[in-house]
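Let me begin by presenting the structure, written as structure tokens, before commenting on it.
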Amino acid sequence: MKPEYSISSLTVVTPDKIYDKASLKVVNGKISGFEASDEVDIKLDDTYVMFPALINIHDHLFGTYYPKIGNGPYICWLPWDYDLKSSPVYSERNKNEPFDIYLLGSYKNLISGVTTVQDHIPHKINDPFIDKLPIRVIKDYTLSHEVSAYDLKWGDGVDIEYERAIRKKIPYITHIEEGFDVESLRGIEILEEHNALSEYTILIHGIGFSDEDIETVAKYRANFVWCPGSNMFMFNRTAKIKDILDKGINVSIGTDSPATGELNILEEVKFAKKVYRNMYGEDLSDRVIVDMITKNPSKALKIDKILGSLEEGKLADILIIKRKSDDPYSSLVSAELQDISLIIMEGKPLYGDLKFSEYFDIFNSDDGKNDDKNYEKISINGCDKFIVGSPKTLMKKIRKNVGYKKEIPFLPI
Ligand SMILES: [Zn+2]
């Protein structure tokens, strides 16, 4: 890939600041500043908007499949888990190799603008796959499945996992109060008893949070992850998000797996906006939503020194979309798959409109030595794109394994 280039004359959203007709220079996979390069300058115009590439803070790549599974509303996640594991969709998913399901989850995220995913699953499951995927999957985390007596016992238990997180300065991540039974509703109390609440704690769901729980989460400066699509599908209820935001808690939005969540992060943010309007009769601002898929998750995951915003010295993880309205934040929140124009990870283009393939010499390399050959052309909702790897081969393999022409709407190829 080119060691130095710039992308110019477009709107750049850092996301704290908006620069019009701006340039961003990339050198050796990092952002080197807001100026044009003397080497290669890709000139665009103000019909394009640049953001930091998105971070999906909560997914289960191992659970990537379609359609959704469940027959709620449930009292907690446990009866859903029984429905999941006895479902014909689950059996069909299991006809595929785990690595292929991981690839499918990576492509789901990539084509919606995401280069970084937190895969909530024990290390022993995702360790063999992470380095072979086209996107970045967070390696540094500790976890629990959740903290009730009947949880799935992922990891080494709250005390050991949390201590490990603090020692390594990495996040301790757990589902919490994903239900309304007596045990679920004690989630925050249980974590407080274990001294496992701090800025290193990431709490997912919290649909059972009481006002007191929210106070406690704020007091310890723990991070919160909102998955409205999954919550509404399983429980017909979601967390008291306005109260959580009013307390100044660091909130990010995650998709959860497509077994219960929205199709991808773009659909999830649209759904979040809709749910908020239904709950409170007012709009959650697009500016706030953009923070929840860029800055806020980078802070929660302790990667904000290298990712989450466009700043000199950070990794060049870049998303460029087509502008849909005057407000660039609204353009992102209302973006559809076909509006994703270019995605770059550490300076390397992974996906985008076919016209960008020329700037990066994709498909033109003939020395056979670099990785420029590892791309293919696909059509997403009628738009021609280049993409890293071969999702066409993946879909062919999945269709062969399941024995019919499986259609997957989060990878519509
Ligand atoms: Zn989850």
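Just to be sure I follow: if Rg is taken over the C-alpha atoms of the range 75-158 and Rh is the Kirkwood radius over the same atoms, what is Rg/Rh?
Working: Rg = 14.5 Å, Rh = 14.6 Å.
A ratio of 0.99.
With charges only on Cβ, +1 for K and R and -1 for D and E, what is the dipole size of the range 180-232 about its Cα centre, in debye, rounded to 20? Let's see the in-between values first.
Working: 3 positive and 10 negative charges, 51 e Å.
Value, rounded to 20: 240 debye.
Starting from 0 in steps of 10 Å, tell me what percent of the Cα-Cα pairs of the range 295-364 lands in each bin.
19, 39, 36, 6, 0
Just for the Cα atoms in the range 55-300, what are the lengths along the principal axes, largest first, rounded to whole Å?
45, 42, 34
Got a sec to turn the phi values of the range 398-413 into Karplus ³J(HN,Hα) couplings, 6.51 cos²θ - 1.76 cosθ + 1.60 with θ = phi - 60°, whole Hz, x for Gly and Pro?
The phi angles translate into 4, 5, 5, 5, 8, x, 7, 7, 4, 10, 10, x, 8, 9, x, 10 Hz.
I need the chymotrypsin sites (Phe, Trp or Tyr not before Pro) found in the range 373-413, filtered to DSSP loop residues with at most 16 other beta carbons within 10 Å of theirs. It would help to have the intermediate numbers written out before the result.
Values: sites: Tyr375, Phe386, Tyr404, Phe410; in loops: Tyr404, Phe410.
Sparse-neighbourhood loop chymotrypsin sites (Phe, Trp or Tyr not before Pro): Tyr404.
Could you list Glu92, Glu199 in order of exposure, starting from the residue whose Cβ has the fewest other Cβ atoms within 10 Å?
Working: Glu92 17, Glu199 14.
Neighbour counts put them in this order, fewest first: Glu199, Glu92.
With the contact rule set at Cα under 8 Å and sequence spacing of 6 or more, what percent relative contact order holds for the chain?
19 percent
When a footprinting reagent is the concern and you count Cβ atoms within 10 Å, what order do Leu266, Leu245 take, fewest first? Each step should come with its number before you reach the end.
Values: Leu266 26, Leu245 17.
Sorted ascending by nearby Cβ count, the order is Leu245, Leu266.
Choose one answer from Asp339, Asp353, Asp131: the residue with the largest mean-square fluctuation in a GNM of the chain with alpha-carbon springs under 10 Å.
Looking only at Asp339, Asp353, Asp131, the largest GNM fluctuation is found for Asp131.
D for the chain, whole µm²/s, Stokes-Einstein with Kirkwood Rh over alpha-carbon pairs at 4 °C and 1.567 mPa s: what number? Before the final figure, lay out each step's value.
On the way: Rh = 21.7 Å.
This corresponds to a translational diffusion coefficient of 60 µm²/s.
Find the centroid of the Cα atoms in the range 1-76 and in the range 162-226, then give the distance between the two in whole Å.
The two parts, judged by their Cα centres, are 30 Å apart.
Give me the distance in nm between label points sitting 7 Å out from Cα along the Cα-to-Cβ direction at Tyr404 and Lys392, one decimal.
Between Tyr404 and Lys392, the label points sit 2.5 nm apart.
How long is the gain from Asn374 to Asp38 if the chain were fully straight, where each residue apart is worth 0.36 nm and the alpha carbon distance is subtracted?
Contour length minus the Cα-Cα distance gives 118.2 nm.
Where does the range 174-322 land on the Kirkwood hydrodynamic radius, alpha-carbon pairs, in angstrom?
Working: mean 1/r = 0.0629 Å⁻¹.
One decimal place: 15.9 Å for the Kirkwood radius.
Gaussian network model of the chain, Cα springs within a sub-10 Å range: biggest mean-square fluctuation belongs to which of Pro67, Pro122, Pro88?
Residue with maximal mean-square fluctuation among Pro67, Pro122, Pro88: Pro88.
Which angle from 0 to 90°, rounded to the nearest 10, does the C-alpha axis of helix 158-168 make with the longest principal axis of the chain?
Roughly 40 degrees, rounded to the nearest 10.
In degrees from 0 to 90, rounded to the nearest 10, what is the angle of the helix 98-110 Cα long axis to the longest principal axis of the chain?
Compared with the principal axis, the helix lies near 70 degrees.
Quick one: order His60, His194, His175 by neighbouring beta-carbon count within 10 Å, fewest to most. Walk me through the numbers before you get to the answer.
Working: His60 21, His194 16, His175 27.
With the fewest neighbours first, His60, His194, His175 line up as His194, His60, His175.
How high is the FRET efficiency between Lys153 and Lys30 when r is their beta carbon distance and R₀ equals 30 Å, given to the nearest 0.05?
Result of the calculation: an efficiency of 0.15.
Give me the percent of DSSP beta bridges within the chain that run antiparallel, rounded to the nearest 5. Let's see the in-between values first.
On the way: 34 of 58 bridges.
Counting DSSP beta bridges with both partners in the chain, the antiparallel share is about 60 percent.
For Ser86 and Ile125, what does the FRET efficiency come to when R0 = 22 Å and r is the distance between their Cβ atoms, rounded to the nearest 0.05? Numbers along the way, then the final one.
Details: r = 21 Å, r/R0 = 0.96.
The formula returns an efficiency of 0.55 here.
No lab work stands behind these numbers, since they all come straight from the coordinates. Please read all numbers here as calculations on a predicted model, not as lab measurements. Neighbour counts run over all protein chains shown; Cβ positions are idealised from the backbone, glycine included.
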